[in-house]
Amino acid sequence: MDSTAEIDQQWMRHAIRLAQRAEQYGEVPVGAVIVKDNQCIAEGWNQPIILHDPSAHAEVLAVRQAAKLVQNYRLVDACIYVTLEPCVMCMGLLSHARLQRLVFGAYDPKRGAVCNALQLSDAAFLNHRIAWTGGVLETECSTLLLDFFKVRRSK
């Protein structure tokens, strides 16, 4: 049987492939996968430019898809894998959706709302706490973002 770390890496690789899809469309390369019972039930990648929707973050699109699939706005016993530490909007959404666990790759010191700019994973005013693990395939996730912005700045 695979260890939790191996399973986390497997799903993070899937999220990285989705982030690369976002990059192909000129979007910030962030991907997200929602897993329940070790099965992918939803996925998303950043699409705010394509969809003309500032809320179209990878996590938001994956949560919307998963909720429709399970016919419930609560995603109890589900885990989300995302290549970048979620922002404040996405952390609020993940809490409201009652996801059991969050696994992310790259830390976001400027806007991360799990454990950096804000620590919403421990916020007393939220009525649901999400267990989280950060830094899974961190180098790969960070490099994807750093390379994207390096190219963007050079243009």
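Fully extending the segment from Asp53 to Arg129, taken as 0.36 nm per residue of separation minus the present Cα-Cα distance, adds 24.6 nm. An ellipsoid equivalent to the chain, defined through the eigenvalues of its Cα gyration tensor, has semi-axes of 22, 17, 16 Å when rounded to whole angstrom and sorted largest first.
Between Arg17 and Gln119, the modelled label-to-label distance comes to 3.7 nm, taking each label 7 Å out from Cα in the direction of the beta carbon. Here Thr139 sits with roughly 100 square angstrom of accessible surface, probe radius 1.4 Å. Each helix, a run of at least 4 DSSP H residues, gives -39500 (n - 2.57); summed and divided by the residues of the chain, these come to -13000 deg cm²/dmol at 222 nm.
Considering Cα pairs under 8 angstrom that are at least six residues apart, work out the relative contact order of segment 7-53 and quote it in whole percent. About 31 percent, as a whole number.
Anisotropy class assigned to segment 87-126 is oblate, per the alpha carbon gyration tensor with a/c at or over the 1.5 cut-off and a/b no larger than b/c. Computed from the alpha carbon positions, the gyration tensor of segment 29-121 leads to an equivalent ellipsoid with semi-axes of 19, 16, 12 Å, biggest first. Based on C-alpha pairs under 8 angstrom that are at least 6 apart in sequence, segment 38-155 has a relative contact order of 19 percent. In this simple spin-label approximation, Glu140 and Ile7 carry label points 7 Å from Cα along the Cα→Cβ vector, and these lie 1.8 nm apart.
Taken as entire DSSP H runs, the helices of the chain never both span 15 Å or more between Cα atoms along their own long axis and average 1.0 or more on the Kyte-Doolittle scale. Within the straight-line cut-off of under 29 Å between alpha carbons, the lysines reachable from Lys68 are Lys36, sequence neighbours fewer than 8 places apart in one chain being disregarded.
The values are calculated or read from the model by the stated rules, or taken from the named source; none is laboratory data. Remember, predicted model here, so these are calculated numbers, not experimental data. Using ideal geometry, Cβ is built from the backbone for each residue, glycine included, and neighbour counts are taken over all protein chains shown. Remember, those area values only see protein heavy atoms, side chains included, never the ligands or the DNA or RNA. Shrake-Rupley method; radii C 1.70, N 1.55, O 1.52, S 1.80 Å.
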